[in-house]
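The values are calculated or read from the model by the stated rules, or taken from the named source; none is laboratory data. Since the structure is predicted, the reported quantities are computational estimates derived from the model, not experimental observations. Here Cβ is always computed from backbone atoms with ideal geometry, including for glycine, and neighbour counts include all displayed protein chains. To get the accessible areas, we keep the full protein, side chains included, count just its heavy atoms, and leave off ligands, DNA and RNA. Shrake-Rupley method; radii C 1.70, N 1.55, O 1.52, S 1.80 Å.
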Amino acid sequence: MITTFGRIVRPPEKRRSPEWVLVHGVIGAQTKTAVSNASTDGLLAEFGTWEAVAEVPVEELEARLKRQTFPSVAAKRLKDCLNAIVAERGAVDLRHLGNLPLEDALVWLEQLPGVARKNSAGVMNASTFNRKAMVIDGHHRRIMQRMGIVPAKADTAKTYNELMPILPEEWSAEDMDEHHLLLKKLGQTLCRPRSPDCANCFARADCKTGQAFN
(Lines give C-alpha, C1' and ligand atoms only; values in the text may rest on other atoms or scores of the structure.)
Protein backbone atom coordinates (compact mmCIF):
# COMPACT_ATOMS: atom_id res chain seq x y z
CA MET A 1 0.00 0.00 0.00
CA ILE A 2 2.82 2.39 0.77
CA THR A 3 4.20 1.83 -2.74
CA THR A 4 0.86 2.94 -4.19
CA PHE A 5 -0.26 5.65 -1.77
CA GLY A 6 2.95 6.71 -0.07
CA ARG A 7 3.31 7.17 3.69
CA ILE A 8 0.30 8.49 5.59
CA VAL A 9 1.72 9.40 8.99
CA ARG A 10 -0.12 11.39 11.64
CA PRO A 11 2.43 13.87 13.04
CA PRO A 12 2.59 13.99 16.86
CA GLU A 13 1.45 17.61 16.86
CA LYS A 14 -1.73 16.59 15.00
CA ARG A 15 -2.83 14.22 17.76
CA ARG A 16 -5.74 15.66 19.70
CA SER A 17 -6.81 15.11 23.28
CA PRO A 18 -8.78 11.92 24.05
CA GLU A 19 -11.83 14.06 24.85
CA TRP A 20 -11.66 15.79 21.44
CA VAL A 21 -11.32 12.45 19.62
CA LEU A 22 -14.28 11.06 21.57
CA VAL A 23 -16.53 13.99 20.64
CA HIS A 24 -15.39 13.79 17.03
CA GLY A 25 -16.39 10.14 16.88
CA VAL A 26 -19.72 10.57 18.65
CA ILE A 27 -20.93 13.24 16.21
CA GLY A 28 -19.21 11.87 13.11
CA ALA A 29 -21.44 9.05 11.84
CA GLN A 30 -21.34 8.95 8.01
CA THR A 31 -19.87 12.45 7.92
CA LYS A 32 -16.68 13.52 6.16
CA THR A 33 -13.72 13.85 8.50
CA ALA A 34 -13.11 17.51 7.62
CA VAL A 35 -16.70 18.41 8.49
CA SER A 36 -16.54 16.64 11.85
CA ASN A 37 -13.18 18.28 12.55
CA ALA A 38 -14.71 21.71 11.99
CA SER A 39 -17.77 20.91 14.10
CA THR A 40 -15.68 19.61 17.00
CA ASP A 41 -13.31 22.58 16.91
CA GLY A 42 -16.27 24.93 16.60
CA LEU A 43 -17.99 23.62 19.73
CA LEU A 44 -14.85 23.93 21.82
CA ALA A 45 -14.05 27.39 20.47
CA GLU A 46 -17.55 28.68 21.20
CA PHE A 47 -18.13 27.19 24.65
CA GLY A 48 -14.60 26.85 25.96
CA THR A 49 -14.89 23.50 27.74
CA TRP A 50 -16.61 20.18 27.15
CA GLU A 51 -18.41 20.63 30.48
CA ALA A 52 -19.97 23.81 29.06
CA VAL A 53 -20.94 21.96 25.88
CA ALA A 54 -22.68 19.33 28.03
CA GLU A 55 -24.94 22.05 29.46
CA VAL A 56 -26.09 23.36 26.06
CA PRO A 57 -29.72 22.41 25.26
CA VAL A 58 -29.91 19.65 22.69
CA GLU A 59 -31.80 21.90 20.25
CA GLU A 60 -28.94 24.40 20.30
CA LEU A 61 -26.39 21.66 19.82
CA GLU A 62 -28.33 20.40 16.82
CA ALA A 63 -28.23 23.88 15.26
CA ARG A 64 -24.45 23.96 15.69
CA LEU A 65 -24.08 20.47 14.24
CA LYS A 66 -26.21 21.12 11.16
CA ARG A 67 -23.33 20.17 8.83
CA GLN A 68 -23.21 16.67 10.30
CA THR A 69 -25.06 14.00 8.32
CA PHE A 70 -27.43 13.28 11.22
CA PRO A 71 -27.43 16.48 13.32
CA SER A 72 -30.32 15.55 15.60
CA VAL A 73 -28.81 12.16 16.41
CA ALA A 74 -25.35 13.69 16.84
CA ALA A 75 -26.64 16.35 19.22
CA LYS A 76 -28.49 13.93 21.49
CA ARG A 77 -25.67 11.40 21.56
CA LEU A 78 -23.12 14.09 22.33
CA LYS A 79 -25.10 15.60 25.18
CA ASP A 80 -25.86 12.18 26.66
CA CYS A 81 -22.24 11.08 26.34
CA LEU A 82 -20.74 14.19 27.90
CA ASN A 83 -23.25 14.17 30.76
CA ALA A 84 -22.51 10.49 31.42
CA ILE A 85 -18.80 11.28 31.76
CA VAL A 86 -19.50 14.22 34.07
CA ALA A 87 -21.77 12.03 36.21
CA GLU A 88 -19.05 9.37 36.46
CA ARG A 89 -15.91 11.48 36.68
CA GLY A 90 -17.05 14.94 37.78
CA ALA A 91 -15.69 16.49 34.58
CA VAL A 92 -15.14 15.58 30.94
CA ASP A 93 -11.72 14.13 31.67
CA LEU A 94 -10.48 10.82 30.27
CA ARG A 95 -6.96 10.87 31.66
CA HIS A 96 -7.68 7.89 33.89
CA LEU A 97 -7.98 5.66 30.81
CA GLY A 98 -4.27 6.01 30.20
CA ASN A 99 -3.61 4.00 33.36
CA LEU A 100 -6.05 1.19 32.57
CA PRO A 101 -5.28 -1.98 30.61
CA LEU A 102 -6.35 -1.39 27.01
CA GLU A 103 -9.29 -3.80 27.09
CA ASP A 104 -10.61 -2.24 30.30
CA ALA A 105 -10.35 1.22 28.75
CA LEU A 106 -12.30 0.08 25.69
CA VAL A 107 -15.03 -1.42 27.87
CA TRP A 108 -15.27 1.79 29.93
CA LEU A 109 -15.65 3.91 26.81
CA GLU A 110 -18.20 1.62 25.21
CA GLN A 111 -20.53 2.03 28.17
CA LEU A 112 -20.98 5.66 27.13
CA PRO A 113 -23.94 6.65 24.90
CA GLY A 114 -23.02 6.68 21.23
CA VAL A 115 -19.64 4.97 21.66
CA ALA A 116 -18.82 1.68 19.94
CA ARG A 117 -15.56 -0.06 19.02
CA LYS A 118 -14.49 2.26 16.21
CA ASN A 119 -14.70 5.30 18.47
CA SER A 120 -13.25 3.65 21.56
CA ALA A 121 -10.26 2.37 19.59
CA GLY A 122 -9.86 5.81 18.04
CA VAL A 123 -9.70 7.44 21.46
CA MET A 124 -6.99 5.04 22.55
CA ASN A 125 -4.96 5.03 19.31
CA ALA A 126 -5.42 8.29 17.41
CA SER A 127 -5.36 10.67 20.38
CA THR A 128 -2.44 11.68 22.55
CA PHE A 129 -2.85 8.32 24.32
CA ASN A 130 -1.20 6.75 21.23
CA ARG A 131 -1.91 3.18 22.35
CA LYS A 132 -1.93 -0.05 20.35
CA ALA A 133 -5.56 -0.34 19.24
CA MET A 134 -6.59 -0.76 15.60
CA VAL A 135 -9.27 1.65 14.40
CA ILE A 136 -11.77 -0.11 12.13
CA ASP A 137 -13.96 2.13 9.98
CA GLY A 138 -16.39 1.09 7.25
CA HIS A 139 -13.69 1.01 4.56
CA HIS A 140 -11.36 -1.09 6.69
CA ARG A 141 -14.10 -3.57 7.61
CA ARG A 142 -15.29 -3.91 4.01
CA ILE A 143 -11.78 -4.64 2.75
CA MET A 144 -11.19 -7.27 5.42
CA GLN A 145 -14.49 -8.91 4.48
CA ARG A 146 -13.71 -8.90 0.76
CA MET A 147 -10.23 -10.26 1.34
CA GLY A 148 -11.71 -13.12 3.35
CA ILE A 149 -9.80 -12.26 6.53
CA VAL A 150 -13.04 -11.84 8.51
CA PRO A 151 -16.53 -13.26 7.84
CA ALA A 152 -18.68 -11.42 5.32
CA LYS A 153 -21.06 -10.14 7.98
CA ALA A 154 -18.48 -9.34 10.65
CA ASP A 155 -19.25 -6.13 12.49
CA THR A 156 -16.63 -3.65 13.68
CA ALA A 157 -16.07 -5.29 17.07
CA LYS A 158 -15.68 -8.76 15.55
CA THR A 159 -13.32 -7.42 12.89
CA TYR A 160 -11.24 -5.77 15.61
CA ASN A 161 -11.16 -8.97 17.65
CA GLU A 162 -10.09 -11.00 14.60
CA LEU A 163 -7.37 -8.60 13.50
CA MET A 164 -5.66 -7.59 16.72
CA PRO A 165 -4.19 -11.06 17.47
CA ILE A 166 -2.71 -11.41 13.97
CA LEU A 167 -1.03 -8.02 13.71
CA PRO A 168 2.78 -8.15 13.73
CA GLU A 169 4.01 -8.05 17.33
CA GLU A 170 6.58 -5.41 16.46
CA TRP A 171 3.97 -2.94 15.21
CA SER A 172 3.76 0.25 17.23
CA ALA A 173 0.64 2.31 17.85
CA GLU A 174 1.81 4.58 15.02
CA ASP A 175 2.07 1.59 12.67
CA MET A 176 -1.52 0.63 13.47
CA ASP A 177 -2.68 4.18 12.84
CA GLU A 178 -0.92 4.33 9.48
CA HIS A 179 -2.28 0.90 8.50
CA HIS A 180 -5.79 2.17 9.22
CA LEU A 181 -5.23 5.37 7.22
CA LEU A 182 -3.82 3.41 4.27
CA LEU A 183 -6.75 0.98 4.22
CA LYS A 184 -9.13 3.92 4.40
CA LYS A 185 -7.39 5.35 1.33
CA LEU A 186 -7.68 2.00 -0.45
CA GLY A 187 -11.40 1.89 0.36
CA GLN A 188 -11.91 5.39 -0.99
CA THR A 189 -10.12 4.72 -4.27
CA LEU A 190 -9.96 1.11 -5.49
CA CYS A 191 -11.98 -0.99 -3.04
CA ARG A 192 -15.03 1.24 -3.16
CA PRO A 193 -18.37 0.21 -1.62
CA ARG A 194 -19.83 -0.18 -5.10
CA SER A 195 -17.98 -1.20 -8.23
CA PRO A 196 -14.59 -2.08 -6.70
CA ASP A 197 -11.75 -1.75 -9.19
CA CYS A 198 -10.38 -5.26 -8.69
CA ALA A 199 -8.68 -5.24 -12.09
CA ASN A 200 -6.31 -2.47 -11.06
CA CYS A 201 -5.94 -3.32 -7.37
CA PHE A 202 -2.42 -4.11 -6.15
CA ALA A 203 -3.89 -6.39 -3.46
CA ARG A 204 -5.82 -8.56 -5.90
CA ALA A 205 -3.53 -11.60 -5.55
CA ASP A 206 -4.10 -11.66 -1.79
CA CYS A 207 -7.83 -10.97 -1.93
CA LYS A 208 -10.58 -13.58 -2.09
CA THR A 209 -12.85 -11.19 -4.00
CA GLY A 210 -10.06 -10.06 -6.29
CA GLN A 211 -9.11 -13.63 -7.19
CA ALA A 212 -12.71 -14.33 -8.21
CA PHE A 213 -12.78 -11.25 -10.46
CA ASN A 214 -12.99 -12.06 -14.18
> Of all the accessible heavy-atom surface of the chain, with the other protein chains kept in place and a 1.4 Å probe, what percent is carbon and sulfur?
Replying inline: 51
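Tell me the relative contact order for the range 31-149 as a rounded percent, counting alpha carbon contacts under 8 Å between residues six or more apart.
Working: 97 pairs, mean separation 18.8, N = 119.
Reported relative contact order: 16 percent.
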>> Students often get this wrong: which residues of the range 150-189 have the backbone nitrogen under 14 Å from the point 7 angstrom along Cα-to-C-beta of Arg10?
In response: 172-185
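Give, in nm to one decimal, the length gained when the segment between Asp197 and Leu167 is fully stretched (0.36 nm per residue of separation minus the Cα-Cα distance).
Values: separation 30, 0.36 × 30 = 10.80 nm, distance 2.61 nm.
Taking 0.36 nm per residue and subtracting the Cα distance, the gain is 8.2 nm.
Tell me which trypsin sites (Lys or Arg not before Pro) from the range 110-214 have a DSSP coil assignment and no more than 13 other beta carbons within 10 Å of their own. Mind dumping the intermediate values first?
Numbers: sites: Arg117, Lys118, Arg131, Lys132, Arg141, Arg142, Arg146, Lys153, Lys158, Lys184, Lys185, Arg194, Arg204, Lys208; in loops: Arg131, Lys132, Lys153, Arg194.
Within the range 110-214, the qualifying trypsin sites (Lys or Arg not before Pro) (loop, at most 13 other Cβ atoms within 10 Å) are Lys153, Arg194.
How large is the Kirkwood hydrodynamic radius of the chain, in angstrom, based on all distinct alpha carbon pairs?
Details: mean 1/r = 0.0549 Å⁻¹.
Over the chain, the inverse of the mean reciprocal pair distance is 18.2 Å.
Take the Cβ-Cβ distance between Asn37 and Asp93 as r, set R0 to 22 Å, and report the resulting FRET efficiency rounded to the nearest 0.05. Spell out each step's value before the answer.
Details: r = 22 Å, r/R0 = 0.99.
Step by step, r from the Cβ atoms, then E = 0.50.
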>> Using alpha carbons only, how many angstrom separate the centre of the range 144-168 from the centre of the range 46-102?
In response: 30
>> Only four residue types carry charge here, +1 at the Cβ of Lys and Arg and -1 at the Cβ of Asp and Glu. Report the dipole size of the chain about the Cα centre in Debye, rounded to the nearest 20.
In response: 940
>> So with the 1.4 Å probe, I'd like the accessible area per residue for the chain, rounded to whole Å².
In response: 52
> Thr69 label point, 7 Å along Cα→Cβ, cut-off 11 Å on backbone N: hits in the range 114-158?
Replying inline: 138-139
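In the chain, which longest range has no GluC sites (Glu not before Pro) that are both DSSP loop (not H, G, I, E or B) and surrounded by at most 11 other Cβ atoms within 10 Å?
Longest run free of exposed loop sites: 1-168.
If R₀ is 35 angstrom, what is the calculated FRET efficiency for the pair Glu103 and Met147, using the beta carbon separation as r and rounding to 0.05? Walk me through the numbers before you get to the answer.
Numbers: r = 26 Å, r/R0 = 0.73.
Working from the Cβ atoms, E equals 0.85.
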> Which cross-chain or sequence-distant (5 or more) residues have an amide H under 5 Å from the amide H of Arg16, H modelled 1.01 Å from N in plane?
Replying inline: Thr128
